[in-house]
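Asks: Please find one structure pasted underneath; my questions will follow.
The values are calculated or read from the model by the stated rules, or taken from the named source; none is laboratory data. Nothing here was measured: the structure is a model prediction, and the numbers come from that model. Because the Cβ atoms are built from the backbone with ideal geometry, glycine has one as well, and the counts that use them run over all protein chains shown. In case anyone asks, the SASA skips ligands and DNA or RNA and just uses the protein heavy atoms, side chains included. Shrake-Rupley method; radii C 1.70, N 1.55, O 1.52, S 1.80 Å.
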Amino acid sequence: MAAALKSIVAPTASTLSNPTLEAEVPIEIFPVPQSRSVHGNAFPLGIRVKEGHQFQDIDAAVRRIEELAQTGLFDGLLQSHGTILFRGFPVKTASDFSKFVKAFRLPQPHREIGLSGKRTTINDAVKTANEEPPDVKFYYHSEYGRSAHFPGVLFFFSEIVPEQGGQTPLLSSLELYDRLRAEMPEFAHDLETKVSPSSLFAASGKIELNNSRQDSYGFDIQAGDSLDVQRSKVEAVLKQDLQAEAEWQPNGALHVLQKLPAIRRIQSTGKATFFNGFAGVYGRARDNDALKSPYRGLDGKYHLPTTYGDGSPIPTAYLDRLLDLSDEIGFLVPWEAGDVALIDNYTVQHARSPWVGKRSLLVSLWDGREKFAPF
Ligand SMILES: [Fe+2]
């Protein structure tokens, strides 16, 4: 892997070590312990401030990142490596993190539609990652991988590292596709070709929302709106922004269905990627003993079944193996305080490990420059 790393980073190493705006604060590629090699590239790639050096303050670091971002360096590295782990930069607070992420000059902050977890907005670019209790495991998923509206790029900032656990699991969606194709070719074939009425290939995602929460779809709801008005405003968002099907349930919950391809092709590289979140939805249902009708789990929530786009069931043997496979190729980000991970949502899935103690992981979501091409 060392040779592969060297050959890939050689053209960029000189860019990193020759600052023109900041005198002598060298940064360098470093091998992240236990990193993997995917298509000959280190996953993830580490970039750190060289030992014995430090930026004077966050503004100095931001100027250096801006200088490098303008060369297109990070776009290229993200395309090759999927994830970049930044270490040793003076990012200590949410405010520092906000300045840091803006330095990458990505097209625009991502507007979330359909939030199903709970996040608190900290500032204009930063939110908490998720506020579910620390013992809750999240399975691998592409961020908003069950939606037509998703961010291209994610940043995670490790503000406080817990006493135990809490490493963020990452996997390469390119590697997951390769392994799926090699080990379960029938399943890969079904995902790529199973015909639904409106799409060539599909795996469906269903989301249940009680009260169509304001930060999910109800952005336009005003105090005093009648229930009918609230519903029509939610329906308008679903129709205009997501082209989703939705059904109100007798208990007031909203079931949202989007038929989306589970495997897609990256425009910049032509590679196939496993972009979705259905395995994790299944995993949670399995954990909560909710795989059978009426799909109500031990946690009291509904866990609607994930199916192919034509409504036929995905065999549980496939789903069980997919979850195991994801764990086999996963990488745990060994967070240190101040670390920032830059993640290409198109080619990398993330998850969440339980932890003990106090932890703060902040997130910033952006629209990037990558696109999907026709499969
Ligand atoms: Fe996520």
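Asks: If I filter region 96-138 down to residues being basic (K, R) and within 13 Å of the ligand (Cβ to nearest atom), which single residue comes out as nearest to L362 (Cα to Cα)? Steps first, answer last, please.
Replies: Within region 96-138, the first condition is being basic (K, R), and the residues that meet it are 99, 102, 105, 111, 118-119, 127, 137.
The next check asks that each one be within 13 Å of the ligand (Cβ to nearest atom); those that pass are 118-119, 127, 137.
Details: K118: 13, R119: 10, K127: 6, K137: 17 Å.
The selected residue is K127.
Asks: Looking only at region 280-316, count how many residues are without any contact (Cβ under 8 Å) to a residue 12 or more places away in the chain, part of a loop (DSSP other than H, G, I, E, B) and open to solvent by 80 Å² or more (accessible area, probe 1.4 Å).
Replies: Of the residues in that region, 5 qualify.
Asks: Counting only residues that are over 26 Å from P90 (Cβ atoms) and away from the ligand (no atom under 16 Å from the Cβ), how many does region 146-164 have?
Replies: Initial filter on region 146-164 (over 26 Å from P90 (Cβ atoms)): 146-150, 152, 164.
With the extra rule that they be away from the ligand (no atom under 16 Å from the Cβ), the set shrinks to 148, 164.
Residues flagged as over 26 Å from P90 (Cβ atoms) and away from the ligand (no atom under 16 Å from the Cβ) within region 146-164 amount to 2.
Asks: Another question, if that's okay. Can you say whether D344 is among the acidic types (D, E) and not assigned by TED's automatic domain parsing to the domain that holds V91, as far as the supplied structure shows? Talk me through it step by step, then tell me what you get.
Replies: Numbers: among the acidic types (D, E): yes; not assigned by TED's automatic domain parsing to the domain that holds V91: no.
No; evaluated as a whole, the condition is false for this residue.
Asks: Quick check, is I329 touching a residue at least 60 places away in the same chain (Cβ under 8 Å) and either away from the ligand (no atom under 16 Å from the Cβ) or over 17 Å from V101 (Cα atoms) (or both)?
Replies: Details: touching a residue at least 60 places away in the same chain (Cβ under 8 Å): yes; either away from the ligand (no atom under 16 Å from the Cβ) or over 17 Å from V101 (Cα atoms) (or both): yes.
For I329, the condition - touching a residue at least 60 places away in the same chain (Cβ under 8 Å) and either away from the ligand (no atom under 16 Å from the Cβ) or over 17 Å from V101 (Cα atoms) (or both) - is met.
Asks: Against the condition open to solvent by less than 40 Å² (accessible area, probe 1.4 Å), more than 10 Å from the ligand (Cβ to nearest atom), within 26 Å of F86 (Cα to Cα) and among the charged types (D, E, K, R), how does E143 come out, does it pass?
Replies: Numbers: open to solvent by less than 40 Å² (accessible area, probe 1.4 Å): yes; more than 10 Å from the ligand (Cβ to nearest atom): no; within 26 Å of F86 (Cα to Cα): yes; among the charged types (D, E, K, R): yes.
Answer is no for this residue.
Asks: Among the β-branched types (V, I, T), touching a residue at least 24 places away in the same chain (Cβ under 8 Å) and in contact with a strand residue (DSSP E or B) (Cβ under 6 Å, 6 or more places away or on another chain), is that true of T273?
Replies: yes
Asks: OK, next. Restricting to region 148-168, and then to whatever is small (G, A, S) and over 17 Å from Q349 (Cα atoms), can you tell me which residue is least open to solvent (accessible area, probe 1.4 Å)? Show your work before the answer.
Replies: Here is the first cut: in region 148-168, the ones small (G, A, S) are 148, 152, 158, 165-166.
From what is left, the residues that are over 17 Å from Q349 (Cα atoms) are 158, 165.
Details: S158: 2, G165: 35 Å².
The selected residue is S158.
Asks: Please enumerate the residues belonging to region 245-267 that are open to solvent by less than 50 Å² (accessible area, probe 1.4 Å) and over 26 Å from F372 (Cα atoms).
Replies: Correct list: Q249, G252, A253, L254, H255.
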